[in-house]
């Protein structure tokens with residue numbers, strides 16, 4: 001064997017391997033500076049969200065079309081709608097479990113609401129029974145209905161119906177539904193549920209009391225007049241002698257425009 005020739009061949013092989021290794025490392029290093037292509041979803045056209053859809057007419061597929069609404073949340077929304085007999089307003093979306101406030105506000109701007117009387121009955125199916133979630137709502141006159149008639153309204157039972165009638169007799173009549181919040185034991189949630197089934201018609205003839213003769217107890221009966229404000233009004237009346245103009249009431253500390261609106265419904269002064 002020719003030793004020099006053998007060594008030269010081995011050395012040439014080492015050099016070739018070294019060169020190939022260096023080229024491989026250079027290629028790997030070069031790939032670090034080549035920008036990777038963006039994921040496929042970056043080339044997708046953003047999904048256009050639906051707008052101006054009736055909140056009470058959407059099905060599961062239409063709810064999922066909104067960003068942030070998955071199949072589970074869509075089922076919760078439909079279950080909530082069925083349990084309440086339909087949404088009374090888009091704001092009710094905030095009551096659905098798992099729906100955060102920011103998503104609720106975004107959805108509310110894209111939804112509309114149809115009057116309850118025009119909605120078809122909502123139904124959902126169990127294994128054997130079909131439950132009717134909502135019947136056609138009625139309108140009960142708040143100023144003339146007795147306790148038995150008021151109990152036809154969802155959320156009004158024996159006790160609450162009597163309290164509503166008692167407060168009406170105390171103040172004379174209701175002139176707006178918000179006055180119901182002054183009825184003891186009436187929650188805000190229950191108020192929102194029942195008001196679509198109530199109507200208000202003012203009595204054709206209603207005698208107004210004199211603001212210059214009223215007492216603290218009589219003033220404090222009204223929903224916007226607290227007892228402390230009633231005391232201030234009566235005290236101020238004693239200081240000036242009597243009220244002659246409505247604007248004089250604004251000299252009473254804490255008296256606001258909403259207080260004046262309610263007082264003018266039930267009271268009169270010398271020069272209105």
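Panel order for 268, 139, by other beta carbons found within 10 Å of each beta carbon, from fewest to most: 139, 268.
Modelled spin labels at residue 149 and residue 20, positioned 7 Å past Cα toward Cβ, are 10.1 nm from each other.
A Förster radius of 30 Å combined with the Cβ-Cβ distance from residue 94 to residue 183 puts the calculated FRET efficiency at roughly 0.75.
Could you please state, rounded to a whole Å, how far the C-alpha centre of region 143-206 is from the C-alpha centre of region 228-270? When both Cα centres are located, 27 Å separates them.
If R0 is taken as 22 Å, the Cβ-Cβ distance between residue 227 and residue 190 corresponds to a FRET efficiency of 0.30.
Taking other C-beta atoms within 10 angstrom as a stand-in for reagent exposure, 144, 214 fall in the order 144, 214, fewest first.
Full extension of the chain between residue 61 and residue 162 yields a length gain of 31.9 nm, computed as 0.36 nm times the residue separation minus the alpha carbon distance.
Just so you know, all these numbers are worked out from the coordinates, no wet-lab data involved. Keep in mind that this is a model prediction, so the values were computed, not measured. Because the Cβ atoms are built from the backbone with ideal geometry, glycine has one as well, and the counts that use them run over all protein chains shown.
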